[in-house]
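Quick notes on the structure that follows.
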Amino acid sequence: MTVIANTENTQDNSSTHPEPRPGSWKAAFLAGLPHILMGLLIGIGKLLTTATTSSQTMSIIVGVSLMGLVAVVLFFAWRRGWPLWSASWYGYGTWTAMVLISFVISQLELDEDWRYSYALFLGWIGLCIIGYFYLFSKDRLKALLAVAFLFPMLGIMFLEFVPDPIEGWLAIGLGLLTTLTAGAIVRLGDFPIGLRLALGVNLVNGLSLAYVGEYQASDLPPGIHHTPTFSNFTELLTLYLVLAFGLIGGPLLLSRLWKSLNRPS
């Protein structure tokens, strides 16, 4: 992966960018901001959940807060010509739109409305992947920033039977780690280094999520017992890394393969 990244550096840096790279500290801050906010919103929601405050209520609070913030920031980014840092907000924008549509579907009281929500979620995943490939063809640093949020936060949302306090602190920790990574990618403005950072942070995220998901799953339904095993831990870690590394590095590998196949003999 490193060799491939280095061979692509010249082409990426030769593109015409609307802003100077490396980016400013302000741009780095704005790029990392959505991740720490999302981590805090999820984490604080989990830490404050009590018997009188349902998880559904906290989810609504988180969703409404994030929707309003994302809408304002994306409007600001649009007025600024979609600078590099704005790519960190793209995924959250599509996520909040999906949540809003899903809420409308639930209010319509359709038969088996879960099917529509499930199809909507799959469509959102497909949109993220297609959008990532499109961004990669235009600006590789923007693509890295746009995909950085996908796995840490989705991983948190898919955790099961983990006590809320543990899940809350994990969300805050992964949000902070992703924030620092996004800021570093913008500040350095270098694709090969950014690629290494994105892969490295996803390795740490994968280890954290797999460990918590396997060894901290203690909120089990009555009558169900779980014995943590290292083999289950490695399976969870492998699944995460295959998905994360495959998506992050996939466009680069496909681009390299396409060029090699079309190289004049």
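Per-structure values
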read-out	value
Output for segment 218-265, where each listed residue is surrounded by 12 or more Cβ atoms within 10 Å (Cβ to Cβ), over 21 Å from GLY200 (Cβ atoms) and in contact with a Phe, Trp or Tyr (Cβ under 8 Å, 6 or more places away or on another chain)	ASP219, HIS226, PRO228, SER255
Selected residue (only one of GLY123, GLY81 is modelled with pLDDT of 85 or more and on the phi < 0 side of the Ramachandran plot)	GLY123
Residue match in segment 167-180 (condition: out of contact with any Cys (no Cβ under 7 Å at 6 or more places or on another chain), buried (at least 18 other Cβ atoms within 10 Å of the Cβ) and polar (S, T, N, Q))	yes
Pairs, first over 14 Å from LEU176 (Cβ atoms) in segment 20-48, second modelled with pLDDT of 90 or more and outside any helix (DSSP H, G or I), C-beta under 7 Å, six or more apart	ARG21/GLY189; PRO22/GLY189; GLY23/GLY189; ALA27/PRO83
Residue pairs meeting the criteria (Cβ under 8 Å; at least 6 apart or on separate chains; first touching a residue at least 12 places away in the same chain (Cβ under 8 Å), in segment 151-179; second among the polar types (S, T, N, Q) and not in a helix (DSSP H, G or I))	PHE161/SER218; VAL162/GLN216; VAL162/SER218; PRO163/GLN216; PRO163/SER218; ASP164/THR49; ILE166/GLN216
Residue selected from segment 122-150 under the condition in contact (Cβ under 8 Å) with a residue 60 or more places away in the chain and within 28 Å of GLN216 (Cα to Cα), by the criterion surrounded by the most Cβ atoms within 10 Å (Cβ to Cβ)	ALA148
When residues of segment 191-239 are limited to those that are of a type in the set (Ser, Thr, Tyr) and not in a helix (DSSP H, G or I), the one modelled with the highest pLDDT	THR229
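The values are calculated or read from the model by the stated rules, or taken from the named source; none is laboratory data. Keep in mind that this is a model prediction, so the values were computed, not measured. All Cβ positions, glycine included, derive from the backbone under ideal geometry; neighbour counts span all protein chains shown.
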